[in-house]
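Peer 1: One structure, as structure tokens, below. Some questions next.
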Amino acid sequence: MRTYSPKPTDVQRQWHVIDARDVVLGRLATHTGDFVIIINADKVHLSGNKREDKLAYRHSGYPGGLRSIKYGDLIDKDPRKAVEKAVRGMLPKNSLGRQMLSKLKVYRGEEHPHAAQKPEPFVITQVAQ
């Protein structure tokens, strides 16, 4: 028996829209799909003291170029980057992970330009925080 590998033209892609209002960031980052649109990224919730204690790092590539910012400040400054960073950390660190990340679209408010794709709402049921 041979292994069947579908061609990219044979696969039907679906679009899902997720409202991030009061959803814990880690739980939000674990839901995957074909194309995922996340709206209200500025209203995402961090559990515990992560808003003050958790740090987001980046490096410029130069010696001594490591910079850090508190996750709460990162969400206030650019919530899209905070959500994308959380999702990127849960994906494989190879070309497939980069391809999967390109299918993620994150927006700060309710508006998004993907209405023509007719995204289906995806409701995240979560346990008490």
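Peer 1: Please order 100, 90, 1 by the number of other Cβ within 10 Å, starting at the fewest.
Peer 2: Starting with the residue having the fewest Cβ neighbours, the order is 1, 90, 100.
Peer 1: Right, something else. Of 41, 17, 68, which is farthest towards the positive pole of the chain's charge dipole, taken about the Cα centre with +1 and -1 on the beta-carbons of Lys, Arg and Asp, Glu respectively?
Peer 2: After comparing all options, I get 68.
Peer 1: Taking Cα atoms of region 13-56, Rg/Rh with Kirkwood Rh, to two decimals?
Peer 2: The Rg/Rh ratio comes out at 1.04.
Peer 1: With respect to the cross-link table entries 54/118; 85/118; 7/43; 70/105, which display a Cα-Cα separation exceeding 31 Å?
Peer 2: Beyond 31 Å between Cα atoms: 54/118; 7/43.
Peer 1: Please sort 72-78, 17-23, 34-40, 54-60 by packing, taking for each peptide the average over its residues of neighbouring beta carbons within 10 angstrom, highest first.
Peer 2: 34-40, 17-23, 72-78, 54-60
Peer 1: So, one more: Mean 1/r over all different Cα pairs, inverted: what Kirkwood radius does the chain give, in Å?
Peer 2: By the Kirkwood definition, the hydrodynamic radius is 16.3 Å.
Peer 1: Taking region 69-129, which GluC sites (Glu not before Pro) meet the DSSP loop condition and have no more than 11 other C-beta atoms within 10 Å? Before the final figure, lay out the partial values.
Peer 2: On the way: sites: 84, 110, 111; in loops: 110, 111.
In loop regions of region 69-129 (DSSP not H, G, I, E or B), the sparsely surrounded GluC sites (Glu not before Pro) are 110, 111.
Values quoted throughout were computed directly from the atomic coordinates according to the rules given, and no laboratory measurement underlies them. All of these numbers come straight from a predicted model, not from anything done at the bench. We place every Cβ from the backbone using ideal geometry, glycine too, and count neighbours over all the protein chains shown.
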